Amino acid sequence: MASYLQVENISKSYGDRVLFQGISFNINEGDKIALVAPNGTGKSSLLKILAGVEHSDRGGEVKFMKDIRVAFLDQDTTFDPKHTIFEEVYSHMGTLSPELKEYEEALESGDEKRLERAIAGMDASDGWSIEQKIRQVLTSLKLERWNQPMGELSGGEAKRVALACMMLQNADFLIMDEPTNHLDIDIIEYLEGYLQRSRCTLLMVTHDRYFLDRVCNTIMEIDRGKLFAYRGNYSEYLEKREERYLNMQAEIDKSRNLLRRELEWIRSTPQARTGKARYRINAFYDLKDRASVSLRTDSVEIDVASSRLGRKIIDCMDVSLKFDGQTMLDNFSYKFTRGERVGIVGRNGVGKTTFLNLMSGRLAPDSGVIEQGETLRIGYYSQRGITFKPGQTVLECVQDIADVVKASDGHNISATTYLNRFLFPHETFNKRVDILSGGERRRLYLLTVLMQNPNMLILDEPTNDLDIMTLNVLEEYLSEFKGCLLIVSHDRYFLDKCVDHLFVFEGNGRIKDFVGHYSEYREYIKEKEAAERSAERDSAPQKPQQQRTHDTSKRKLSFKEQKELEQIERDLASWSEERKQLEEELSSGTLPYDRLTKCSERIEELIALIDEKEMRWLELNE
């Protein structure tokens, strides 16, 4: 298998902080690799070095195989806000975009000569198929308003445009930084299927463990500035990582035992120290370094009390709300109970965040009543993230809320100690919030929400920008949380671990309450769709060959003709079913361009075959 990428001796530091040093690795054709590590350890920096956006500090080499096409999906992508969606996408199409742009402008100008030249340019560059491909990809990503300005898009829509730009490059090697952030679950599952089918080589950073598990065949981990690779999916990675730590611990224990014996030897007859073997003294200090290695990994410690929660939490009675002419909620009634753990799912734009704002009291309904219990204390973790004053430091941001935090056992913890527990050491206290990384800022935001001792947590996309280690700790905390949980998330793994029933937003203000985890809901939907397809097939009109009756007065067919007739009937049934499936694929809007072309060609072949064989079938039956 060909090597696509060779990386040798790259390093990255920011000031005195070393993210990684002397990293070397190789990626082969067809590898699909996820890079995992805690926030702030250099995952995004490593991807940017490979993509050529940043450079290694002290030399090193990043070498792609000749003629390999590389596409990079950054976590935060900048766009021209004045471009339409279509203009933005084809502006990333390299040498083909000038021809497309000229053709669009020539159409609007009404200049016939200019239009003739533009058409010739489109013919020469195969621009027609490129335009069709762009529309196909945009449709598959549910971006149908192609003339909408980029400046009007939501975060999820902008992310889908970035995905379209990446997919249309037909790259051999994809580098993706948090590709699932801001996407709804339907698009995540589409992207998951696309990457599973694709023959591309992939290196990505993601916190979505189901996505990682189903797409990747290798996991690389940055640990203490070094890189470790594990073949297999996320579950196998966890097992092999634990095995590596056990082996390392055994080696450390062995080194410590040797160290004790060597220490006795070094200390014996000190006056003869100069006469001892110099190589053994040097080896002693090497051994001391190995024995002093600590396998302790820093992780967030969440230990906060939740306020007492009375019997009444939130009661909703016939709540309705319209927003920009769209019905977000239609006569919704529900009473939340203590210990309830609700997940909220649905496509973008159906009102999930609006619902959270209603429940938290940030938004008033058009009609109906929302009553909150007297003891209710809501902790709201919103998509917008933390709000802070210009120039405000980490410590000032926390002290604006409280100087002390009440722990689960009732005793008070200082704000500075609590910052330490959320992996903010003393030297970061005077660091400005606006220069924190995305993951650090989300971690600080989570701290400020929890330190208010809420008894109801409303979490809107809490997994964005948090690393897997922090998510594991948060999930553990939420599993023990005694209050009420209301969570909007696109992270299926997180939902499965944290909620026990779902509010499914179906659109037009309709909400379905599904009892069970998200994975169970998806299985239910798949079974329902399969049953509907089966019912459609059963209710479809019978084909002519199935409706015929035998006329005994007709000439009896020869043995050879009878066999031919039976074979034609089998072929017609098979071809009709194949044609139906291909037509369903074409109408799905999710086909890659090469598959789209093949489906269209095959349907034309089937139509010709069916016409020919139906004529012969009629001849044999006359």
Out of the residues in region 191-204 meeting the condition of being part of a helix (DSSP H, G or I) and charged (D, E, K, R), tell me which one is most open to solvent (accessible area, probe 1.4 Å).
Arg197
Name the pairs whose Cβ atoms lie under 9 Å apart, with the first residue in region 513-542 and open to solvent by 60 Å² or more (accessible area, probe 1.4 Å), the second part of a strand (DSSP E or B) and of a type in the set (A, V, I, L, M), and 6 or more positions between them or separate chains?
Asp513/Val342; Asp513/Leu502; Asp513/Val504; Val515/Leu502; His517/Leu502
In region 301-336, residue nearest to Arg421 (Cα to Cα) [restricted to those that are open to solvent by 80 Å² or more (accessible area, probe 1.4 Å), acidic (Asp, Glu) and outside any strand (DSSP E or B)]:
Glu301
Taking region 492-506 on its own, how many of its residues are assigned to a loop (DSSP other than H, G, I, E, B) and open to solvent by less than 10 Å² (accessible area, probe 1.4 Å)?
1
Cβ contacts < 6 Å: first residue under 28 Å from Val215 (Cα atoms) and in a helix (DSSP H, G or I), restricted to region 236-259; second residue at pLDDT 65 or above and of a type in the set (Val, Ile, Thr), any location; separation 6+ or different chain. Result?
Tyr237/Ile219
Return yes when Gly349 is open to solvent by 70 Å² or more (accessible area, probe 1.4 Å), at positive phi and modelled with pLDDT under 90 and no when it is not.
no
Given the criterion at positive phi and either surrounded by 15 or more Cβ atoms within 10 Å (Cβ to Cβ) or outside any strand (DSSP E or B) (or both), identify the matching residue among His207, His182.
His182
Within region 433-461, restricting to residues that are in contact with a Ser or Thr (Cβ under 7 Å, 6 or more places away or on another chain) and within 19 Å of Asp177 (Cβ to Cβ), the one that is modelled with the lowest pLDDT is Arg443
Scan (1) touching a Ser or Thr at 6+ places or on another chain (Cβ under 7 Å); (2) of a type outside the set (A, V, I, L, M, F, W, C); (3) open to solvent by 20 Å² or more (accessible area, probe 1.4 Å) for the single condition Gly483 breaks and write down its number.
(3)
Listed residues Ala171, Ala162, Ala158; which is in contact (Cβ under 8 Å) with a residue 24 or more places away in the chain, within 25 Å of Ser600 (Cα to Cα) and aliphatic (A, V, I, L, M)?
Ala171
Checking Glu157 against (1) out of contact with any Phe, Trp or Tyr (no Cβ under 9 Å at 6 or more places or on another chain); (2) more than 21 Å from Asn348 (Cβ to Cβ); (3) among the acidic types (Asp, Glu), which single condition isn't satisfied?
(2)
Looking for whichever is modelled with pLDDT of 65 or more, open to solvent by less than 100 Å² (accessible area, probe 1.4 Å), under 30 Å from Glu144 (Cβ atoms) and part of a helix (DSSP H, G or I) here; the options are Leu596, Leu572. Which one fits?
Leu596
Could you pull out every one of the strands (runs of 3 or more DSSP E) wholly within region 1-114 that has 1 or more residues that are farther than 21 Å from Thr201 by Cα, at pLDDT below 90 and open to solvent by 80 Å² or more (accessible area, probe 1.4 Å)?
3-14, 17-28
Output for region 149-168, where each listed residue is surrounded by fewer than 16 Cβ atoms within 10 Å (Cβ to Cβ) and in a loop (DSSP other than H, G, I, E, B)
Ser154
Pair list, Cβ < 6 Å and 6+ apart or interchain, from region 10-24 residues that are farther than 13 Å from Thr41 by Cα to residues that are loosely packed, with under 15 Cβ neighbours inside 10 Å and at pLDDT 85 or above
Gly22/Asn9; Ser24/Asn9
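The values are calculated or read from the model by the stated rules, or taken from the named source; none is laboratory data. Note that the coordinates shown come from a computational prediction; the quantities given were computed from them, not determined experimentally. In this analysis, Cβ positions are derived from the backbone assuming ideal geometry, glycine residues included, and neighbour counts consider all displayed protein chains. Areas reflect the complete protein model, heavy atoms only, side chains present, ligands, DNA and RNA absent. Shrake-Rupley method; radii C 1.70, N 1.55, O 1.52, S 1.80 Å.
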